[in-house]
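Values in this text are rule-based calculations from the coordinates and carry no lab data. Since the structure is predicted, the reported quantities are computational estimates derived from the model, not experimental observations. Cβ placement follows ideal geometry from the backbone for every residue including glycine, while neighbour counts extend to all protein chains displayed.
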Amino acid sequence: MAEGPRNDADREADAARLRDLEQRLAQMTPKQSARGPMADYDKAHLAWRMVIELVAGLGIGLVIGYGLDHLFGTAPLMMVVFIFLGFAAGIKTMMRTAAELARTGGTPDGNASGKAPDMDERD
């Protein structure tokens with residue numbers, strides 16, 4: 001069975017070895033390189049994000065329109081108007097996401113070539 005530290009000198013030596021090991025592991029561990037606001041997303045996440053933005057715009061427009069119809073008694077008029085406004089807002093948000101993706105180089109990690117960046121090229 002392993003023995004524990006016998007005195008303070010052993011504890012200090014163990015602590016120094018542990019710090020040295022942590023430093024060596026930190027140097028060997030590759031660090032993530034975030035090259036833009038969308039660096040952590042892959043293409044499937046971006047597609048789902050765009051779909052959710054569109055559906056959220058439609059849903060919010062539907063709820064606001066229904067509430068105004070109920071408040072003013074205008075039947076489906078406000079609901080139809082606000083569904084179209086929500087659809088337009090969802091499309092605008094999707095286009096903004098697409099423009100952000102295009103600005104990062106065409107791939108979610110911002111690398112135009114599609115391959116991972118070298119360790120020396122990181123910021």
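At a glance:
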| quantity | calculated |
| --- | --- |
| Percent of alpha-carbon pairs separated by more than 16 Å within the range 57-103 | 43 percent |
| Distance in nm between pseudo-label sites at HIS45 and PHE84 (7 Å out along the Cβ direction from Cα) | 3.7 nm |
| Under 15 Å, Cβ to Cβ, from ALA98 - net charge with Lys/Arg +1 and Asp/Glu -1 | +3 |
